[in-house]
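The values are calculated or read from the model by the stated rules, or taken from the named source; none is laboratory data. Owing to the predicted nature of the structure, the values given are computational and were not obtained by experimental measurement. Heads up, the Cβs are rebuilt from the backbone with ideal geometry, glycines too, and the neighbour counts pull from every protein chain shown. Ligands, DNA and RNA are stripped out before the accessible areas are found, and what is left, the full protein with its side chains, is counted by its heavy atoms. Shrake-Rupley method; radii C 1.70, N 1.55, O 1.52, S 1.80 Å.
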Amino acid sequence: MAINIGIILGTVRSNSLGKRIFDFLKNSESETEEYHFTWINLKDYPLPLYNHEETPLEGNLSGLNKVESKWLDIIKQQDGYIIMSPEYDHAIPGGLKNALDFIGPEVESKPVQIVTYSYYSDGGMLAASSLVPILQMLKMIVLPTPLLLWNANDNFSEDGQLLPVKNSDHFEARLNEIFEDIEFYSKVLKENSRLKRVPN
């Protein structure tokens, strides 16, 4: 039984630090027969601002356009997630928040790991903190230790290479660890998923 893990780049900004880290991970993380990776760049899903009558947690949405359907379909296909985010004004970007607003039952009881990054020394700590209650509201299993990549601008080249500079060895080790963690929890939760209760 293959385990599908979606890695979501939660920014649409051009030439972003996140895209460099995202490309590094694509170049360095190898799939196996057991674990398949889906590389989900939010820029490829130009979602409108959420404006449906229903709220996603009430059930499936009606009147979805093609982009919205494509977004929810790719999210639903995953068994676990890594969400990458920069920090804008002490929170996650508006585009990522809007994309999460569309999501409901597609992610319930699935594990998620948070990765934030920054040009500065905090590593996006407040973005990580702001993301946790959103994911908990979506009934996701949020892994307890987010990965914060601080002062990371000098570590990743524009073509997705990890440069041999300060902190790079630590960043590489931690990125490998979070993939091992999400693989483990995705497998455990998929293999032990609760049967949906049948209404009386």
Exercise. Gaussian network model of the chain, Cα springs within a sub-10 Å range: biggest mean-square fluctuation belongs to which of Leu72, Leu96, Leu49?
Worked result: Leu49
For this session: Mind giving me the nanometre distance, one decimal, between the label points for Trp39 and Leu64, set 7 Å out from Cα along Cα→Cβ?
Result: 2.4
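How large a share of the accessible area of the range 56-178, in percent, is made up of carbon and sulfur atoms when the probe is 1.4 Å and the other protein chains stay in place?
Roughly 53 percent, rounded to a whole number.
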Exercise. Which value, in Å², gives the accessible area per residue of the range 46-93 when a 1.4 Å probe is used on the protein heavy atoms?
Worked result: 58
Problem set entry | Cα pair distances in the range 116-200, grouped into 10 Å bins until the bin that holds the longest one, percent each | 14, 36, 29, 14, 5, 2, 0
For this session: Taking the Cα centre of the chain as origin, sum charge times position over the Cβ atoms of Lys and Arg (+1) and Asp and Glu (-1), and report the length of that vector in debye to the nearest 20.
Result: 420
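Classify the range 80-123 as rounded, prolate or oblate from the Cα gyration tensor: take a ≥ b ≥ c as the square roots of its eigenvalues, call it rounded if a/c is under 1.5, otherwise prolate when a/b beats b/c and oblate if not.
Because a/c hits 1.5 or more and a/b fails to exceed b/c, the range 80-123 counts as oblate.
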Seminar exercise, completed: the range 71-110 scanned against label point 7 Å out from Met137 along Cα→C-beta; backbone N under 13 Å for 92, 97-104
Seminar exercise, completed: Compactness summary of the chain: radius of gyration and Dmax from Cα atoms, Å, are 16.7, 61
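Given the pairs Lys139/Lys187; Lys66/Lys190; Lys97/Lys166; Lys76/Lys139; Lys19/Lys139, which are separated by over 25 angstrom at their Cα positions?
Lys66/Lys190; Lys97/Lys166; Lys19/Lys139
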Exercise. Restricting attention to the alpha-carbon atoms of the range 1-56, what are Rg (one decimal) and Dmax (integer), both in Å?
Worked result: 14.5, 42
